[in-house]
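*Asks:* Before we start, here is the structure in question, set down as structure tokens.
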Amino acid sequence: MTTHTAQAKIIEPLIYELSASGRKAETLMPKLDVPEAEPLPNNLLRDSLDLPEVSELDVVRHFLRLSQLNHAIDKGFYPLGSCTMKYNPKIDEDTARLPGFANLHPLQPPETAQGALALMYKLQEWLCEISGMKGCSLQPAAGAQGELAGILMIRAYHQERGDVKRTKILVPDSAHGTNPATSTMAGYTVVTLPSDERGDVDLNALRAAADDTVAGMMITVPSTLGVFDENIKEIIKIVHDCGGLMYMDGANMNALLGVVKPGELGFDVMHYNLHKTFSTPHGGGGPGSGPVAVNEKLLPYLPGPIVAIVEQAPEPDSAPRYGFVMPAKSIGRLKAFHGNFGMHVRAYTYIALHGAEGLKAISRHAVLNANYVRVRLADTYKVPYNRMCGHEFVLEGRFADAPDIRALDISKRLMDYGIHPPTNYFPLIVHEALLIEPTESESKETLDRFIAAMHAIAQEARETPELLHSAPHTMPVSRVDEVYAAKNLVLCCRLPSAE
Ligand SMILES: *Cc1c(COP(=O)(O)O)cnc(C)c1O
């Protein structure tokens, strides 16, 4: 089936097909009792605007139907590895929509937005506390932008010291793909470090690469194999001894809250993904938030502006005055205004409601859930690094006795069981990888249903492999030609006219 016919099936009938000249969404308004506004000047008017003419009910049905075609965390299990698709508590949405927050204008004077600045200040403080770092900027709009901020800070640090020989960033092959991409964007040469047979960084390779041309190392903790490197302190020491700085990709902090503080381990800089760990909706394009946290060495270079207390509280019970300040040697702005403030409100709410003990419980349950599923699936699937994992783990989606089944077939078949596929073909160092992250939000019953589905699929792979090859069967769109779909994007709800 081509994507075109598949797409026609999704939106049936297409909103353009419902269009009838003159039909509109009628809203009955009382007669005007105020003067009519001036009509728009002619130069702002168009002769025609090719939009469907439909009723309000048509519009409501169109969008509701579209929303139901999507899988969402509010609809079903979503074990998409590395993405932390946990439940997004609705109270986070309530606070983000409070008019005092939602209706702020980013250019209004800080004196008129002290509550918002207090919230950002507190969030910066909490993110420092959770990471064991000394300073934090909420500017970056996503994890990948936080990474860029971190590497630019490392570069500024070396440059200021006149240490210009350092042109390399070390990146293990178990790192998230954004890590080498970030290093390259910041102008560095990436040196890839292999993993050893346990999935940890190969220390001999690290020692051989660590010299005075190394600006730093970017490491994902736990790695994309889901494992916490057993030699992390040794790794940090080797890199520091050669004069490099340590960057921790903290997108996987869901495994570490209240358990490990990266700053105490010796990391110099890290980023968070508020939209993962602190539960704001993501998938489908954001917005996200990727704050960076640093130790003393990098404090002056933080991207800004950040929120600071600009005048202490006059009396013990009164509030201090908050303002935006630019750190002394800041790498500059990364984002218009002050980052994605709505995400700050959501993350603040989430952290405030859970408290220190609650956050620790989150990570403990996330790790417990991942290990439970890992152990229960290891009888049926190959788990290449079968050891205690963090919040996620990797399976091989292939079987010796069903050679033409691939990870993609398993993922597509999972959709028929009402489950979102895991992350496919990532990390790259595992053949036919399926990266599974259950998160702490899921009950044992849901995990058991997932395990049962995975077991059933493993049996189908041997007995009725064509069921997997042609899956999904219950979705509005069945198996698409992904190469064709990527090369011929159809982004409009109208089919291209038949030529
Ligand atoms: C998601 C993720 C990133 C990138 O974060 P974005 O917000 O998508 O830019 C980086 N590293 C890891 C380990 C991740 O899981």
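The values are calculated or read from the model by the stated rules, or taken from the named source; none is laboratory data. Since we're looking at a predicted model, the values are computed, not measured. No Cβ is skipped: glycine too gets one built from the backbone with ideal geometry, and neighbour counts run over all protein chains shown. Calculation scope for accessible area: heavy atoms of the full protein, side chains included, ligands and nucleic acids excluded. Shrake-Rupley method; radii C 1.70, N 1.55, O 1.52, S 1.80 Å.
*Asks:* Search segment 147-165 for residues being among the small types (Gly, Ala, Ser) and away from the ligand (no atom under 16 Å from the Cβ), and hand back the single one that is most open to solvent (accessible area, probe 1.4 Å).
*Replies:* GLY162
*Asks:* So, one more: Can you name the condition, by its number, that ASN254 falls short on among (1) open to solvent by 10 Å² or more (accessible area, probe 1.4 Å); (2) within 24 Å of GLY358 (Cα to Cα); (3) assigned to a helix (DSSP H, G or I)?
*Replies:* Among (1) open to solvent by 10 Å² or more (accessible area, probe 1.4 Å); (2) within 24 Å of GLY358 (Cα to Cα); (3) assigned to a helix (DSSP H, G or I), the lone unmet condition for ASN254 is (1).
*Asks:* Can you name the residue in segment 264-281 that is open to solvent by 10 Å² or more (accessible area, probe 1.4 Å) and in a loop (DSSP other than H, G, I, E, B) and is also nearest to the ligand (Cβ to nearest atom) among such residues?
*Replies:* It comes out as PRO281.
*Asks:* Scanning for something open to solvent by less than 20 Å² (accessible area, probe 1.4 Å), aromatic (Phe, Trp, Tyr) and either part of a helix (DSSP H, G or I) or not assigned by TED's automatic domain parsing to the domain that holds GLY146 (or both), does segment 383-392 turn up at least one residue?
*Replies:* We begin by selecting, within segment 383-392, every residue open to solvent by less than 20 Å² (accessible area, probe 1.4 Å); these are 383, 389-392.
Okay, now just the ones that are also aromatic (Phe, Trp, Tyr), so none.
Scanning segment 383-392 turns up no residue that is open to solvent by less than 20 Å² (accessible area, probe 1.4 Å), aromatic (Phe, Trp, Tyr) and either part of a helix (DSSP H, G or I) or not assigned by TED's automatic domain parsing to the domain that holds GLY146 (or both).
*Asks:* Follow-up. Take ALA144 and decide whether it is of a type in the set (A, V, I, L, M) and within 16 Å of the ligand (Cβ to nearest atom).
*Replies:* Spelling it out, ALA144 is indeed of a type in the set (A, V, I, L, M) and within 16 Å of the ligand (Cβ to nearest atom).
*Asks:* OK, next. Is segment 291-311 home to any residue that is away from the ligand (no atom under 16 Å from the Cβ), open to solvent by less than 30 Å² (accessible area, probe 1.4 Å) and assigned to a helix (DSSP H, G or I)?
*Replies:* yes
*Asks:* For segment 367-426, how many residues meet the condition of being in contact with a strand residue (DSSP E or B) (Cβ under 7 Å, 6 or more places away or on another chain) and either at positive phi or among the β-branched types (Val, Ile, Thr) (or both)?
*Replies:* 7
*Asks:* Return the only residue of THR112, THR182 being under 23 Å from HIS344 (Cβ atoms), hydroxyl-bearing (Ser, Thr, Tyr) and within 16 Å of the ligand (Cβ to nearest atom). Working first, answer last.
*Replies:* Working: THR112 fails: within 16 Å of the ligand (Cβ to nearest atom).
Of the residues listed, the single one that is under 23 Å from HIS344 (Cβ atoms), hydroxyl-bearing (Ser, Thr, Tyr) and within 16 Å of the ligand (Cβ to nearest atom) is THR182.
*Asks:* Only one of SER55, SER67, SER21 is over 30 Å from TYR417 (Cβ atoms) and open to solvent by less than 100 Å² (accessible area, probe 1.4 Å). Can you tell me which?
*Replies:* Every option except SER55 fails the conditions.
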